[in-house]
1. Sort out which residues of segment 86-124 are charged (D, E, K, R) and within 27 Å of His146 (Cβ to Cβ), and write them in order of number.
2. What is the residue count in segment 1-32 for residues that are small (Gly, Ala, Ser) and touching a residue at least 60 places away in the same chain (Cβ under 8 Å)?
3. Name the single residue that is surrounded by the most Cβ atoms within 10 Å (Cβ to Cβ) among those in segment 292-319 being among the acidic types (Asp, Glu) and in a loop (DSSP other than H, G, I, E, B).
4. Answer yes or no as to whether Leu127 is assigned to a loop (DSSP other than H, G, I, E, B), in contact (Cβ under 8 Å) with a residue 24 or more places away in the chain, under 19 Å from Asp5 (Cβ atoms) and aliphatic (A, V, I, L, M).
5. Does any residue of segment 11-21 turn out to be assigned to a helix (DSSP H, G or I) and at pLDDT below 90?
6. Can you tell me which residue is farthest from the chain's Cα centre (by Cα) among those in segment 204-222 that are in a loop (DSSP other than H, G, I, E, B) and either buried (at least 17 other Cβ atoms within 10 Å of the Cβ) or among the charged types (D, E, K, R) (or both)?
7. Looking at (1) under 23 Å from Tyr155 (Cα atoms); (2) in contact with a helix residue (DSSP H, G or I) (Cβ under 9 Å, 6 or more places away or on another chain); (3) free of Cβ contacts under 8 Å to residues at least 12 places away in the same chain, which is the only condition Phe283 fails?
8. Kindly indicate the residue of segment 133-157 that is over 17 Å from the mean Cα position of the chain (by Cα) and assigned to a strand (DSSP E or B) and also surrounded by the fewest Cβ atoms within 10 Å (Cβ to Cβ) among those meeting that condition.
Amino acid sequence: MTVHDYHVTVKEQHPALFELLDPARLVAVTDEPWVTEGNEFDDDHTGRGVSYRCAQQHGEARRTGIETILGMFAGPGGLRDMGRVLDVLGGEGLLSRVWRQLAGAGDGDSVPLVTGDLSGHMVAAALRSGLPAVRQPADRMLQRDHCLDGVLFAYGTHHVDRSVRPRMLTEASRVLAPGGRVVLHDFAEGSPEERWFREVVHPRSLAGHAYDHFTAHEMTGYLADAGFTDITVGPVYDPMTLTGETEESALARLVSYMTSMYGILPDGDRSNERTEAALRDIFRFSAGDLPEDVPRDEAVLELTVRPHGNAFRAELPRIALVAHGRKP
């Protein structure tokens, strides 16, 4: 889809999104390399395009953390009172789909989130699903000045190069209206999640995973330098959860999900066993690691399968590092 075709499509199908876009910025990116080039999420042969997109269909897997993050934008009326929020790294619109579930909205109802992503395939998929979406780099947003109520960077922020991160927060400030909120989500350097990427995903996937994660000090600095105030940084319980009819099927679904999500290549007949062993070894926490607002009887500290209604739920604990700030 050319920039012109996109402009026409959005004007017809998503007029509210069309009003947020800056025509001059759209014209300026027409010949940019990223418009014609792909990335690891587009490439099904040397990246993790198809496996990642399939895994993204399991909206329930990250629902716990997504609910917490979306709640940071909720107004007095709850999730239906978020204003207009840009999901900068939104992929195919997973957070918009989860928002519909959480808010009790129908498939045809409008969503407050605008899905952004650098992957053309992902943005096209979001548009085909009827979601407002825009292809753009995290540090070169195509929205008008002061037009949004919230900007979210989540689930993949470490893919943004460290040299670019200050600019993406400056861009967030530009597109936010006064009083607007920014949320920056990732996983901390030295965390079990970072170890998973370093020890398992990087050596066992085609695309590798040589990305820098974040520190709390780094997040605070980015937000402060971009002019945000009321800055807080802290942990958020953000597990992976999948259900099955039996303990074995729930666990198998979780291992399969993690394999597809991160493009892990088969490694002999015992590949799944090896992945499960890594998950059990790496994702271990103490009670003191959990955020204070998480009930201790609801969270788990290691890979756990337990009854869930008439089924079973496999839960892999993860603890994200999340910063929140407000534009004066």
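1. Passing the criteria: Asp87, Asp109, Asp117.
2. Number satisfying all stated conditions: 1.
3. Filtering first and then ranking leaves Glu302.
4. It is false that Leu127 is assigned to a loop (DSSP other than H, G, I, E, B), in contact (Cβ under 8 Å) with a residue 24 or more places away in the chain, under 19 Å from Asp5 (Cβ atoms) and aliphatic (A, V, I, L, M).
5. The answer is no; no qualifying residue exists.
6. Ala207
7. Among (1) under 23 Å from Tyr155 (Cα atoms); (2) in contact with a helix residue (DSSP H, G or I) (Cβ under 9 Å, 6 or more places away or on another chain); (3) free of Cβ contacts under 8 Å to residues at least 12 places away in the same chain, the lone unmet condition for Phe283 is (3).
8. The residue in question is Asp149.
The values are calculated or read from the model by the stated rules, or taken from the named source; none is laboratory data. Computed from a predicted model, the values in this text were never measured in an experiment. So basically every Cβ, Gly included, is an ideal-geometry build from the backbone, and we count neighbours across all protein chains shown.
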